[in-house]
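Contents: one structure, followed by commentary.
Rule-based calculations on the coordinates, nothing more; no lab input. Remember, predicted model here, so these are calculated numbers, not experimental data. All Cβ positions, even for glycine, are placed from backbone atoms using ideal geometry, and neighbour counts span all protein chains on display.
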Amino acid sequence: MPNTYRHLYHAFPDAKFILSVRDSGDQWYESQLKFAAKRLGRTPTLEDLKESEYCWKGWSYRYHQAVFGNGVEFEDKQAKIHTYEQHIADVQIFFRDKPGQLLVLNVGEEGAFSKFCQYLGIRSKHTAFPWAKRTASLRAAEAVQGSTGASTVDSSGASSVDRLGTYYGVGSVASTVDSSKVPPRVSVVVLTCNHELYIHETLEGIVTQQTNFPFEVIVHDDASSDRTPDIIKEYQKKYPHLIKPIFQTENQWFKGVNPISTYIFPHVSGEYIAFCEGDDYWTDPSKLQKQVDFMDHHPDYTFCSHDVHMKYEDGVNVKEVFYIKPAVGSFSFTFLDEFMNHFLATATLLVRRKVAMDMPVTNNMISVEIYSMLYFLSRGNGYYMEDKMVVKRRNPGGITMNLAYRENISFGQYRLWNEVLAFAPIPYKKLIRCKIAEYQRQFIKKRSFPSGTHFFGLLMGSILNNPYWFVGLSERYRQSLLKTFARQSFHS
């Protein structure tokens, strides 16, 4: 399983681990296809895996789902190779500060057997593993027993080195990652469109971060019509090891396409993901280091955030705070805190990649940040640092400050709360249903109806679909729910 090596390390902290890799992701993929096809004479489907009695009935299906995720077909090459490449990166990150406890080994490379013996501190009369990447050769070598006990081959066509790697939870994985380079721990995601006045400050605040780990910067330009792409290219030329741009020829936001899930997440490789919109910028060169240090030492938190400086453009008065916070100083916060008052700025977030990648895809482009943060908080608590490490701009010409946008926001937020309802913690679903009912009543109130029949038809449909439609009318009921949650939080 993907995280077995972590559990084994904690159980046997002095053990040595072997990460078995292949020449390429394609080679690994073709190998596992051939192995699976031997039993059926064709590429298996998920239904075949459910009926397979390898180990025991259904084991193959459960293993496939646990490793690759629900809904990934057996022949989905891109998804599978991506999973294994990320697994290599995850293993190397985990052992980066544990020298001498991980050997990355491609058993097909010259000198691999000597490296293997040297790592384990053993001697052998052999000079190479007794197999040659062909099933026939592997079967012929089954009877060969090296003095190390590491050269046997099982009926699956895998050497005992592969089985040893699988036992330690690292498996046989794609080798497109250069093992001599440490993969990025953080992927910084920058979303920009027509930000030529601001993008320089944004990128400068990121590339000047001082960390003891590598990071990458994925910049998504949504078909800017100004000089924003040129400025991004200048930074890419100056920092080719950091800046990884994605340039669109059509604006994805106006097409209703979520660029993060569609275009950015497939390229993310860090253990954590940070965000910064193209008109905001980071001011503290230690921002990433502080947040990663906190998350490393607090594995129970899904993400962390921090305070911001507010900056209004075009002479608008400056506001000292983003929104009203539920507490002062540094503090932990929950789903309910964010539900009551959106107080988090996107440019302050650092979230675990696993949590972000599991988030259900939405193409509702209204209040995407609220949707994301509530999902993160449905998976665990967040932590808020009192340090002000980001400047959050408020630009009257920006999309979220645009009057036309704000006049059409209601339906998008109605969709938002219906989507949040699907993953919200059960105790809070009542509050969300009340909020949905508020929007339904607003829509009915604002609409004109050709007849009373149409009015009552829509009214009854809304009531039948939401049992909290009438309950939501009562502010007293809403306050009663909030007091109940407050008492539960206090006693816990």
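With 0.36 nm allotted per residue and the present C-alpha distance subtracted, the Gln32-Phe247 stretch has 73.9 nm of extension available.
If I take R0 = 25 Å and measure r between the Cβ atoms of Thr127 and Asn106 in this structure, what FRET efficiency does the formula 1/(1 + (r/R0)^6) give, to the nearest 0.05? For Thr127 and Asn106, the calculated efficiency is 0.95. Could you pull out every one of the aspartates and glutamates with an alpha carbon less than 16 Å from that of Lys57, ignoring same-chain neighbours closer than 8 positions? Within the straight-line cut-off, Lys57 pairs with Glu47, Asp48.
Measuring between alpha carbons in the structure, the pairs from Lys16/Lys287; Lys80/Lys354; Lys233/Lys311; Lys287/Lys311; Lys290/Lys354 lying more than 23 angstrom apart are Lys16/Lys287; Lys233/Lys311. Sequence-distant contacts, meaning Cα pairs under 8 Å at least 6 residues apart, place the relative contact order of region 214-285 at 35 percent.
Highest mean packing first, where packing is the average number of other Cβ atoms within 10 Å per residue, the peptides 252-261, 302-311 line up as 302-311, 252-261. Among His298, His342, a tally of other beta-carbon atoms within 10 Å of each Cβ gives an order, fewest to most, of His298, His342. Here the relative contact order of region 186-403, from alpha carbon pairs under 8 Å that lie six or more residues apart, stands at 26 percent.
For region 187-238, averaging the sequence separation of C-alpha pairs within contact (under 8 Å, six or more residues apart) and dividing by the residue count gives a relative contact order of 54 percent.
Classify region 194-294 as rounded, prolate or oblate, taking a ≥ b ≥ c as the square roots of the eigenvalues of its Cα gyration tensor: rounded when a/c is under 1.5, otherwise prolate if a/b is larger than b/c and oblate if not. The shape class here is prolate. Extension gain for the segment Glu419 to Lys233, taken as residue separation times 0.36 nm less the Cα-Cα distance, is 63.3 nm to one decimal. Cβ crowding within 10 Å ranks Ile426, Ile436 as Ile426, Ile436, fewest other Cβ atoms first.
Rg and Dmax of region 186-403, based on Cα coordinates, read 16.3, 44 Å.
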